[in-house]
Structures are given as structure tokens and as C-alpha cells.
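Bear in mind these aren't lab numbers, they're just calculated from the coordinates by the rules spelled out. Just so you know, these numbers come straight off a predicted model, no measurement behind them. Glycine gets a Cβ as well: all are built from the backbone with ideal geometry, and neighbour counts include every protein chain shown.
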Amino acid sequence: MTNAINRIMTALEGRIFLYGLQLCALFRLLRSINEFSTGQSNAVLIVGLANLIILVLMLTLLSRYKTFCFVTLHVIFLVTSWFTWPSSGGYEGIIPYSMVAMIAFVIFTSHGALLGITLAAYAITLLYLMHNDGSAVNYREPLLLTQVNFMLCTFLLAKLCVFTKNRFERYSEYIRAVSKRLEVSAEILNDQAAQLKIQSNQLANLRIELEKKIAAMHLERDQKRAILSKYAYVNAHQVRGPVARILGLIALIEKDTLSPDSQRYVQIVKSDTVELDTVIRKINEVLSD
């Protein structure tokens with residue numbers, strides 16, 4: 001959320017800076033016209049023209065180099081103010097008003113360390129120029145021109161404030177819309193969390209029931225194994241024992257001299273007894289597996 005707010009603030013500052021840079025270029029153009037019309041020196045005119053060209057170039061580079069353009073703009077303004085302070089009438093001229101407008105512009109378009117450093121540079125420059133004002137005033141602009149420049153600065157500052165307010169309202173609406181979407185998403189997530197909790201409880205109950213069934217199946221299996229083990233013991237000892245003794249008796253009877261009918265009966269009994277013994281052996285094998 002913090003990163004999103006920072007991105008929104010940076011985007012807002014970027015749009016305000018672009019608009020303000022356009023106003024600066026317009027102001028610089030009007031100032032150059034004023035300076036030319038009042039017979040300023042060639043040096044002042046060249047500096048003003050160079051500033052105007054740099055401002056136009058910055059408008060083309062702003063999308064990729066916002067911080068560089070920000071620093072360049074204010075460095076140029078401070079250097080130009082320093083250079084033209086005496087010829088503009090000192091603190092009675094247009095530069096103090098321009099600095100007030102630029103300070104507001106700095107506050108609108110920056111934050112953090114960049115804001116603090118820039119404001120400190122403006123404060124130091126303004127204090128130094130006002131402190132040395134009495135020894136350097138060689139030229140004063142006509143009163144009408146000063147009034148026009150003041151109104152121009154006021155107009156540009158008002159335009160910047162109106163633009164900033166409109167942008168702020170748009171971003172506020174955007175943030176409110178995003179907040180509503182986040183609230184809806186939060187409600188959906190809460191509903192899903194409640195459903196997941198219910199499903200989790202159901203799964204837990206199913207797991208408990210399944211564990212009970214498995215335990216019952218294991219108990220039944222163990223009981224059946226015990227029964228089968230007991231049956232295997234009985235089958236191997238108590239059932240097969242008599243069969244083995246019968247086979248032993250048949251072997252003894254076969255050693256005696258018997259009539260043909262008796263031998264036939266003995267063979268029948270022996271065959272059935274061997275078959276029974278074979279079945280008992282197979283049962284033991286199955287139970288052992």
C-alpha cells in the first residue's frame with residue numbers, strides 16, 4: 001500500500017511539474033520581451049534567451065529525466081536571479097515575487113531530501129541577495145512594468161494552484177475508487193476465508209470419521225486374523241492329527257493278508273483319507289499366506 005501511495009504521489013508531482021515547467025517557459029518568454037523592451041544589456045538578454053531554450057529542451061526530456069530537469073530548472077532560476085537581481089530592482093522588483101512562486105512550485109513538485117535541499121538553496125540565495133541589495137541596485141524597472149510582472153507572477157501561481165487542486169481532486173477520486181475496490185475485495189476475501197474455515201472444519205470432521213472407520217477396520221482385521229490363526233492351529237493339530245493316525249493304521253492293515261474285498265475297502269478308505277489330508281494341507285497353506 002505504501003509503495004502504491006508513493007507511486008501516486010510521484011505521478012502527481014510529475015504532472016504538476018510538467019504544467020509548471022510550461023508556465024515557467026511562458027513566464028521566461030514574457031520576461032525576455034520585457035527585458036528587451038526596457039533596454040536591458042545584451043548579457044541579460046542572452047541569459048534570458050539561453051534560459052528559454054533550456055526550458056524548451058527540458059520539456060522534451062522531462063519524461064525520462066524528471067529529477068535532472070527539476071534540479072536544472074531551479075539552478076538556472078537561482079543563478080539567473082543572482083545575475084539579474086540588481087537590474088530587476090532588487091527586493092522591490094519582480095524577483096522576490098518570482099521566488100515566492102518558485103518556492104510554492106518546489107513544494108508542489110518534490111518531497112523528501114530533494115524538497116529540503118531545494119528550499120534551503122532558495123532561502124540562502126534570497127537572504128544573501130536581500131542582504132547585499134543596497135550596494136548593487138543600478139537600475140529599476142518602470143512602475144507599470146513591475147506591476148505587470150507582479151500580476152503575471154500572481155496569475156501563474158494561481159494557475160499552478162488551480163491545476164494542482166484539480167489534479168489532487170482527480171487523484172483523490174481515484175484513491176477513493178481504489179479504496180472501494182479494496183473494500184469489496186476485502187469482503188470477498190473475508191467471505192472466502194469463512195467458507196474455507198467451514199470447509200476446513202468439515203474436512204477435519206471427515207478426517208476424524210475416517211480415522212474411526214480405519215481403526216474399526218483394523219480392529220476387525222485383527223479379530224479375523226486371530227480367528228483364522230486359531231482355526232489354522234486347530235486344523236493343523238486337532239484335525240490333521242486323526243487323519244495321520246488313520247493313515248498309519250491303514251499302513252499297518254496293508255501289511256496283513258486280506259481278502260480281495262477287504263483290500264478294496266482298505267484302498268477306498270486310504271484314498272479318501274489321503275484326499276482329506278491333501279485338503280487339510282491346502283487349507284493350512286492358505287491360512288499361512
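How many percent of the alpha carbon pairs in the range 2-141 exceed a separation of 28 Å? The answer is 20 percent, as a whole percent. In terms of the mean number of neighbouring beta-carbon atoms within 10 Å, the peptides 76-86, 117-127 order highest first as 76-86, 117-127. Counting 0.36 nm for each residue step from residue 179 to residue 60 and taking away their Cα separation leaves a gain of 39.4 nm.
Counting only residues at least eight positions apart within a chain, or on another chain, the lysines with an alpha carbon under 27 Å from that of residue 255 are 270.
For the pair residue 191 and residue 162, what calculated FRET efficiency results from E = 1/(1 + (r/R0)^6), where r is the Cβ-Cβ distance and R0 = 35 Å, to the nearest 0.05? E(calc), rounded to 0.05, equals 0.20.
Excluding same-chain neighbours fewer than eight residues apart, the lysines reachable from residue 282 by a Cα-Cα span under 17 Å are 230. Listed by chain and number, the aspartates and glutamates placed with their C-alpha closer than 20 angstrom to that of residue 224 are 211, 285, 289; residues fewer than eight positions away on the same chain are left out. The modelled label-to-label distance for the pair residue 37/residue 280, using points 7 Å beyond Cα in the direction of Cβ, is 13.5 nm.
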